[in-house]
Amino acid sequence: MNGPEIHLSVAPELHLFVAAERRGGRTALTTDGASTLGHVVESLGIPLTEAGRLLVDGREVPVSHIPAAGESVEVRAVQRPQQVPGAPLRFLLDVHLGTLARRLRLLGVDAAYFSEDIGDPALATHSAREQRVLLSRDRGLLRRRELWAGAYVYSDRPKEQLDDVLSRFAPALDPWTRCVACNGELKHTSKESVSGLLESGTERSYDAFAQCTTCSRVYWNGAHHSSLQTIVEDVMRTYGDVQTQRQAS
């Protein structure tokens, strides 16, 4: 038996998640009369992490709302920057986002990452245990109920992925303070204290060093520093003021 029919519209930013016939404006949708609006939204293919305000006949409702016949439902996208409960803001990235993880760490953002696939349940549990926002391009992973918070990464290009995360969450930026390999914190150190870890050419050519307090990896301004510096300068020029404004608000 058919249930109540509602009239649904989806924000353009969410069109990639829904079937083509749902992208042209308001469309009719038959529900079962018992499922919550959150379940209805997910059944369309939209992860709830990407759904912002849910409006029914112009008023905001929770995901637990049960749609009734004739209601006009509007699904909006999340606002930017997005407020996440709890502090500090920390991330967890799935196995496919290694480059994004390293770039976030380069900027001083706390970004946990597993280089091996530990499975969706373990990732979601880790997100909940450490209260980390899980970043993923896997819609199914973002639907797991044990997830603390999550966000879909829309692009497969690292630069666009970084822009997406920074504009959406506006995390605090503190470049050159995290290990890009393990996410540990860096501290300045003397050449003498790390000399046993350096090749002779590096020891002769450089004087300033930092070392990870977790994995002991040593850093210096080597051959790749200029390309990394370009990434940092571009980000700070674009997002440094936005992040400062958010902290002041």
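The values are calculated or read from the model by the stated rules, or taken from the named source; none is laboratory data. Since the structure is predicted, the reported quantities are computational estimates derived from the model, not experimental observations. When we count neighbours, we look across all protein chains shown, and the Cβ atoms used for this are built from the backbone with ideal geometry, even at glycine.
Data for the structure
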read-out	value
Those strands (runs of 3 or more DSSP E) lying entirely in the stretch 22-93 with at least 3 residues in contact with a strand residue (DSSP E or B) (Cβ under 7 Å, 6 or more places away or on another chain), over 30 Å from Asn183 (Cα atoms) and modelled with pLDDT under 95	none
Boolean, Ser35 is within 19 Å of Val78 (Cα to Cα) and surrounded by 13 or more Cβ atoms within 10 Å (Cβ to Cβ)	no
